[in-house]
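S.K.: This is the structure I have questions about; it appears just below.
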Amino acid sequence: MSVVISCPSTAAPPRGLLADEDVLADLWAWHHHGLRAALVTLVGIEGAAPRPLGAQMAIAEDGRYVGYLSGGCLEQAIVLEAQDVIRSGSNRLVRYGKGSPYFDIRLPCGSGLDMYFDCSLSPELMGVMAVQRAARKGFVLKSTLSGLPSEICTLRKGDSHVSARDGDTFARVFLPDRESRDGDHNQQERGQRRHRVEGDRGAFAEIAVVDESLNRLLEHPPDQHGSAIPRI
């Protein structure tokens, strides 16, 4: 028998549902706490969807998560899938809803959503992403949906600012955050990033991440003409 998972309305939202759009800070913080994690990206939509292409969740091996992909309809199933991906160590592409092998999980709207689970982001790659944030530069995370390691490229002038899929590749665009675009250069010191990590009681604790490798990368950031950052 198929089970229709309906989105909650007045019920309390799942833990992490209303977290910031940018989940990279939590992903980086979990890494520094020794937790394995997966980055889940919405890479395909058939029909209607509450979230756009490129929406993301970050999920730690202990089940904590930030971000949301379906407004509460699929989050718990996605967390369980991500934990399995982390245990297996292999990236995977999963369809939910219409056309999914998970016939017992259907979306009320009848749509089909493709999620890419990436558990292979290396500390070096996450470091480069943190550096791009600290340097107030946009970048693109390119993922091969067959499961190969993802890579980063700088966001060049004239490049699309919209995340999109092209065949077996998905390009997730990360733009500088609002604080960066406003030009506030006094909020952070070089090589130091303040991150929020969800505590055991659901609270957020501020931690400072200072890493010599980030300092070195900041000394020689990618040029402004769009040169690609080599795959890590």
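The values are calculated or read from the model by the stated rules, or taken from the named source; none is laboratory data. Computed from a prediction, not measured in an experiment: that's the story for all the values here. For neighbour counting, all protein chains shown are included, and Cβ atoms are generated from backbone atoms with ideal geometry for every residue, glycine included.
S.K.: Quick one: in the range 80-113, which of the residues that are part of a loop (DSSP other than H, G, I, E, B) and touching a helix residue (DSSP H, G or I) at 6+ places or on another chain (Cβ under 9 Å) is nearest to K142 (Cα to Cα)? Show your work before the answer.
M.R.: Initial filter on the range 80-113 (part of a loop (DSSP other than H, G, I, E, B)): 89-91, 98-104, 107-111.
Imposing the further condition that a residue be touching a helix residue (DSSP H, G or I) at 6+ places or on another chain (Cβ under 9 Å) reduces the set to 91, 102.
Working: N91: 14, Y102: 27 Å.
Result: N91.
Each row is one residue, and each column tells you yes or no for (1) surrounded by fewer than 19 Cβ atoms within 10 Å (Cβ to Cβ); (2) under 15 Å from D114 (Cβ atoms); (3) at pLDDT below 80.
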{"site": "T10", "(1), (2), (3)": "yes, no, yes"}
{"site": "L18", "(1), (2), (3)": "yes, no, yes"}
{"site": "D26", "(1), (2), (3)": "no, no, no"}
{"site": "A38", "(1), (2), (3)": "no, no, no"}
{"site": "T41", "(1), (2), (3)": "no, yes, no"}
{"site": "P52", "(1), (2), (3)": "yes, yes, no"}
{"site": "D62", "(1), (2), (3)": "yes, no, no"}
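S.K.: Out of S88, S2, I need the residue that is hydroxyl-bearing (S, T, Y), modelled with pLDDT under 90 and not assigned by TED's automatic domain parsing to the domain that holds A134. Which one? So that I can check it myself, show each step before the final result.
M.R.: On the way: S88 fails: modelled with pLDDT under 90.
Checking each option against the conditions leaves just S2.
S.K.: Also: Would you be able to tell me the number of residues in the range 122-143 that are closer than 21 Å to R87 by Cα and touching a strand residue (DSSP E or B) at 6+ places or on another chain (Cβ under 6 Å)?
M.R.: 1
S.K.: Something else: Of all residues in the range 114-152, count the ones that are crowded, with 19+ Cβ neighbours inside 10 Å, of a type outside the set (A, V, I, L, M, F, W, C), over 14 Å from the mean Cα position of the chain (by Cα) and not in a helix (DSSP H, G or I).
M.R.: Summing the residues that are crowded, with 19+ Cβ neighbours inside 10 Å, of a type outside the set (A, V, I, L, M, F, W, C), over 14 Å from the mean Cα position of the chain (by Cα) and not in a helix (DSSP H, G or I) in the range 114-152 gives 1.
S.K.: What strands (runs of 3 or more DSSP E), lying completely within the range 30-79, carry at least 3 residues that are within 20 Å of E151 (Cα to Cα)? Show your work before the answer.
M.R.: Values: elements: 37-46, 56-60, 65-67.
Counting at least 3 such residues, we get 37-46, 56-60.
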